[in-house]
Structure formats: C-alpha cells, structure tokens
Amino acid sequence: MRLLYAVLHMLVAIPGGVALIGGAVVTALVQIWANKVRSLLTVLGIIIAVTSIITVVSLTQGFGDYVTNFLRGLGTNMMVCYPEWIRGPRGEFLRPAELSITDIQSVDTHADAVRRTSPVVFHNSTVEYGRRQLTGINLRGTNELFQPIRNYYVDLGRFYGPVDVENAAQVCVLGREVLRKLECDESLVGDYIHIDSQRFQVIGLLEAKGSFMGENQDQVICVPWTTALKMYPEQRDYLAFFVEAAAEDKIPRAEGQLVRILRQRHGLKPGQANDFGLFKQDQILQEFHKIRTIATSVLAGIVSISLLVGGIGIMNVMLVSVAERTREIGLRKSVGARRRDILMQFLTESVVLSTVGGAIGIVLGYGLAALASMHPSMTEVKVPGWSVALALGFSAGVGIFFGLMPALKAAIIHPIDALRHE
Amino acid sequence: MIATNDNAAQQVVIQLVDLHKIYRVGTELVHALRGVSLSIRKNEYVAIMGPSGSGKSTMLNILGCLDVPSDGAYLLAGQDVAKLSQSRLARVRGRQIGFVFQSFELLPRTTALKNVELPMTYTRARHRRRRALDGLSRVGLGDRIHHRPNQLSGGQKQRVAIARALAQQPDIILADEPTGNLDSVTGDEIMDIFDAVHADGQTIIIVTHEDHIAARCHRVIELKDGNVVRDEATGRAPDAARREASTAS
C-alpha cells in the first residue's frame, strides 16, 4: 500500500494540468481503496459486463480468424466447379450431369480471367505400408498445378509434373498426417506404398496445414488425376475442377466467363438451370463475416444493458459518496476549490471506479477465454486491441455519464451548508 | 472611518460599509446583519464576539467569501467581493483567506503534509511540498508530517489546520472558535501559535464567545442583533492600535 501511495504521489509530481488530474486520480484511488468492499460491489456490474464483452469477442474473433485463415489457405482466388445432377420440374433427378476434360480445357483456354485450372478426382482410399493399413484417406487426383492453385506446397521431395500426369504415373504426394499415421518418418520419400492395392512411389511430402473444425487437413494424398481416373473410372461422373482467377477482383469476371462457356458447351437454353455448381470461398467468407457481425452486435446489445445496470450502480454509490462527504466538499470549497474542481474530483472518481472495473473485467474476460480455449475442440483465443479499447472506453463513458449527476450535485453544494452538515 | 495612514503596515485589509444580510428561512425573513460598518487593518488581531444569533457567524461567512452580503459593500484588499463570480470567489478563498475551523476539518486518511498542501493544489501554487513543510514546522509539527488525522491529538489537528491556513500567506486568517473543541491548556497553546503568527505580521480574526480568548487579542468587536455594539482595543493592544480603535468607534 505504501509503495502504491509513493508511486502515485511521484506521478503527481509531473507538473501542470497533468498534476491536477493526477492529484484527482490519486484522491479517487485513495477514496476507492478506503471503501474497498463497497467499491468492488459497485463495479461488479461493470466487471461482469466487460468480462462478457471480452470473452465473447475474443471467442468469436478467434473462431472467425480461424475460419478466415482456413478459407484463405485454400487459395484466395480459388473456386471449385462440380457437376450437378439435372432435376426435372418436380425436383426429381433426370440424369447425371458431367463435366468433361474438354469442358475444363476450354474454360482454361477461353476464359481470360482464369489463370489456372486443374481437374480434380475425389476418392476415399485405403493406404498400406508394411503392416500398417489406413482407410478413409482423402485422395485427390489433380494435375501438376494443384500446388499454386490450392496454395499448398510440397516441402520435401517434389510434386508430380506434367509428364507424370500425361503418363498416368503411379506416383503420389502425401500429407503429413498420413505419414504420421503410417508411423513413418520422412525417409518414406522414394519408397513405395499401396493405394487401394496399387503400388505407388512416394515422391514428395506436403507441408503441414493443421486441422480445421476437428478435421485434419493433412490427411490427404495427391496423385495425378489421370492415374486416379484409371483406378476409379466410376468417378468420371463426379469429375470436378479447380479454377483459379487471375486476381481476387477478377473472381466475378472469371465466374461469368466460366458459366457462359459451360452453358454453351452443355447446350443449355435460357431458363434452364446450370448443370454444374460453383463453390466460391470468398462467398462463404462474406457470409461468415456477415453472421459474425450480426452475432457481435446482438451480443453488444446485451452487454450494453449490463453496462447500463452497472452504471446505475455507480451513480447510486456516487450519490451516497457525495452525501457522506458533504463536509469534505465544504472544506475543499472554503480553501479555494471551484465548482469545476469539485465536479472534476467526483467525475474522476466515478470514471476511475468504472475504468478499474473495466480493467478487471478485461483481465477476467481474457482469463475466461484462455480457459475456454484449453478445451481441445476450441479455437485459439484472440483478444483484439479494439475490443479492449472499446471495453475500457465504454466503462469510462459509463463512469462519465452516470457520474455526472452526482458530481454536479456535489459541485453546487453551498459551502456554508456543507460545512454545517452533520 | 477610512484610515488614511500612509504607513504600509497600517493599510486597510477589510472594509465593511453598511453591510446587510437578509436570509429567508421558510416564509420568514431573518435580518442577520443590519448595517455593519468597520475596517480592519493589516496585522490587526481581532476577536469577534457575540451571543448566538448575533450575526457573528453570518459575518464570518461573508468575511470568508463563503457568502455575499445582501446590501452594502465588502472590500477585501480594496476589491469589492460582491461583484465576483463563483469561481473568482473560490480563488479569493484559496489565496487571500486562511480558514481555521472549530472542528479542524482535516481530510481523513490524508497525511498532515497533504492536508496542508490541499489549498495550494487548487491555486496551483509552486513548491507546495516545501511550503507545506515550512508551515508545519512553524506550528511545531515538523516531526509529524506523515501522520494522518486519526493519529493526531486535537491540538495537533488544529495546528495542522493553522499550517494549512498559513500556507498561501493569505491576507487574513479567519478562525471560527478555534479552541472550542479543545481543553483550556491546549487552547492556550493554540492561542500561543496565533500570537506568534500575528507577531510575524499576519492579520488574524478570531470568532469566539470565550472572554479569555478575546482578551488575548488586540481588538474586540462585539455584535448583537446584527449590529456592532462594542469595538475597542484590549489591554494587550499596542498604543497606536488602541488609539485608532477608540477614534474609529
């Protein structure tokens, strides 16, 4: 305590107006300290409000960043085009749609807003190495452009090249999780594994990407799409392709060109629905941001009610404090305090009170969020600077707003009445 | 009435001209002061006496710029305080007047030193700490500067209050029953301090109802029903002051 006093008093030594405010802050802190329990109970409302702001914001922000990063990690300019079954007037499936390799090539050739394309064959495969057997591994059959399109690179060995794709070579690139599950180290590169009983040479390892929503992204195997189609001919009906726009702002243009080319090639009449679908991750990102904004503002509304309640608590206690210290106010006025000095003193006190409450709330909120993030399925916590500033700003604002009335009441007390007050 | 003495030591600090104060208590008008005129010169040592209801508290409030007269003029160091704004009045209270109260009115939980510094924080005076230390050693409390009021005796508290009043070298010290809450021995000690402060050239006005306190001052002004009924020099007054006082009344 003595040290605290000493430090605070040193701060007051800073000359000028700072000193005056500093002095008011010290007076306020002394007053708050003198009524510890009362002060704590008073700011409980503010503490709870700010704790919930920080907890909720940090969790939604952490989650939002997580989703954003995942989607960015897919490659910001990437879209996936996939066949969609044609439906009849009553929604029944008429016939399977199909995207052919010539569709893909013609998009690649004729759409100038498209930079790269790659066919993609999806399959869940079984992988064997020695006595280890893994099932349900995501197999992707792509061409050599997979790396730049998906922004997902090999960091050991090499990726397959155009010649491998041309020849439908039995080569594969493994994600780190597959390596781990096979209980192998990086020396597996160059060795052979079996994918659905076919012998493949491991020529490279993909960089680790981590997991998303509990699903490990590194549990993946890439092979040339030609090889994949040879192994799983029935997947031809589901052949999809990656499309990379030339730039982020060219995504709408690329989309338009792609739709036009495919509709033309499939002979679709106006009014007929597309027989293919597009997965655009920026669209998802926007939707996600929208939902996040709505969620945040709804929460902000709820929180502001608790701040209001906290503010009323502060006003109540400040009124009590003013009444209790009427004589002190009289004395201060008799030794030269102007109305505005008294006003500032009590306003400072309520602002300090609410800001201290806000600071406690920030610490508690951060602690709670950190605690919550320890749960394995939780995302990393992030407390953005703006939320801390907002929380502190709001609590200080509450202090000013709800402290104003009591402070004004104190300021206009007549010194004679105040000195006679019992 | 107005002193025309060219001696600087004799200059008029307080001049009251036909001062009236009327209060409204409910529907009733109370005429607390009914035309008081007097002047007090620099380095005078004045006791204001009178029974309760005589108007002495009202006069003290007006002298201390805590209240303004209803009619008449109060010139403090040549300045008419009736014309001052609230904040100018606060400034006058801070710089030109030092208050000493019956119940000391020290800030609780605040050291003697900080209590003495308080008026200076409002006037933004420089060298607050040094001046506060000087003030405390003048009243003999140089060794108790870090004590809080609850660690001080009544006499010590009143000394802190006197040091606080002196800190800004005010034009006048206004003491309202300064010994009222003290035993007679401690009261005498406090009066010794007032004597010493007066000897240093300070103007002191003490409101009291105790004759032996008034007797230690150099001039006694007695009020009754809002009028001055007595204004005379005491036996302790130097000859010049006694002459002045007798000619004034």
Residues that are at pLDDT below 85 and under 23 Å from the mean Cα position of the chain (by Cα): does the range A:303-323 have at least one? yes
Considering only residues that are surrounded by fewer than 21 Cβ atoms within 10 Å (Cβ to Cβ) and among the aromatic types (Phe, Trp, Tyr), look in the range A:221-251 and name the one that is modelled with the lowest pLDDT. A:Tyr238
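What number of residues within the range B:77-128 are of a type in the set (Ser, Thr, Tyr), modelled with pLDDT under 90 and over 18 Å from B:Gly64 (Cα atoms)?
Step one: list which residues in the range B:77-128 are of a type in the set (Ser, Thr, Tyr), which gives B:85, B:87, B:103, B:110-111, B:121-123.
Pick out the ones that are also modelled with pLDDT under 90 and you get B:85, B:87, B:110, B:121-123.
Still in the running and over 18 Å from B:Gly64 (Cα atoms): B:110, B:121.
Residues in the range B:77-128 being of a type in the set (Ser, Thr, Tyr), modelled with pLDDT under 90 and over 18 Å from B:Gly64 (Cα atoms): 2 in total.
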Identify all residues within the range A:138-175 that are in contact with a helix residue (DSSP H, G or I) (Cβ under 6 Å, 6 or more places away or on another chain) and more than 28 Å from A:Ala245 (Cβ to Cβ); write none if there are none. A:Leu156, A:Ala168, A:Val171
When A:Asp112 is evaluated against the numbered criteria (1) over 30 Å from A:Leu174 (Cβ atoms); (2) surrounded by 14 or more Cβ atoms within 10 Å (Cβ to Cβ); (3) touching a helix residue (DSSP H, G or I) at 6+ places or on another chain (Cβ under 9 Å), which criterion, by number, is the only one it fails? (2)
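Results for (1) farther than 24 Å from B:Ala199 by Cα; (2) within 13 Å of chain A (Cβ to nearest Cβ); (3) touching a Ser or Thr at 6+ places or on another chain (Cβ under 9 Å), shown as yes or no for each residue.
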| position | (1), (2), (3) |
| --- | --- |
| B:Ser137 | no, no, no |
| B:Leu141 | no, no, no |
| B:Arg148 | yes, yes, yes |
| B:Leu166 | no, yes, no |
Quick check on the range A:4-25. Is at least one of its residues modelled with pLDDT under 70, surrounded by 13 or more Cβ atoms within 10 Å (Cβ to Cβ), in a helix (DSSP H, G or I) and away from chain B (no Cβ under 13 Å)? yes
Checking B:Tyr122 against (1) within 30 Å of B:Val36 (Cα to Cα); (2) aromatic (Phe, Trp, Tyr); (3) at the interface with chain A (Cβ under 9 Å from one of its Cβ atoms), the condition it does not meet: (1)
Within the range B:183-229, restricting attention to residues that are part of a helix (DSSP H, G or I) and hydroxyl-bearing (Ser, Thr, Tyr), which residue is surrounded by the fewest Cβ atoms within 10 Å (Cβ to Cβ)? B:Ser184
For the range A:365-380, does any single residue satisfy the condition of being away from chain B (no Cβ under 14 Å) and modelled with pLDDT of 90 or more? no
Tabulated pairs, the range A:337-348, first on the phi < 0 side of the Ramachandran plot, second among the charged types (D, E, K, R), C-beta under 8 angstrom, 6+ apart or interchain: A:Arg338/B:Arg91; A:Asp341/A:Arg332; A:Ile342/A:Arg332; A:Ile342/A:Lys333; A:Gln345/A:Arg332
Selection count, the range A:138-162, where residues are closer than 17 Å to A:Leu229 by Cβ and either outside the structural domain of A:Glu244 (by TED's automatic domain parsing) or not in a loop (DSSP other than H, G, I, E, B) (or both): 7
Candidate set: the range A:314-349, residues that are in contact with a Pro (Cβ under 7 Å, 6 or more places away or on another chain) and away from chain B (no Cβ under 14 Å); chosen: the one surrounded by the most Cβ atoms within 10 Å (Cβ to Cβ): A:Phe346
Can you tell me which condition B:Arg109 does not meet? The list is (1) on the phi < 0 side of the Ramachandran plot; (2) within 12 Å of another protein chain (Cβ to nearest Cβ), and all the others hold. (1)
Among the residues of the range A:153-172, is there at least one that is at pLDDT 90 or above, small (Gly, Ala, Ser), more than 15 Å from A:Glu207 (Cα to Cα) and crowded, with 21+ Cβ neighbours inside 10 Å? no
Only residues that are of a type outside the set (A, V, I, L, M) and at the interface with another protein chain (Cβ under 8 Å from one of its Cβ atoms): list them for the range B:48-97, please. B:Asn61, B:Gly64, B:Asp67, B:Gln86, B:Ser87, B:Arg91, B:Arg93, B:Gly94, B:Arg95
Looking only at strands (runs of 3 or more DSSP E) that lie completely in the range B:36-155, which have at least 1 residues being under 20 Å from the mean Cα position of the chain (by Cα) and farther than 18 Å from B:Val17 by Cβ? B:45-49, B:97-100
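The values are calculated or read from the model by the stated rules, or taken from the named source; none is laboratory data. Just so it is clear, the model here is predicted, and its values are computed rather than measured. Neighbour counts run over all protein chains shown; Cβ positions are idealised from the backbone, glycine included.
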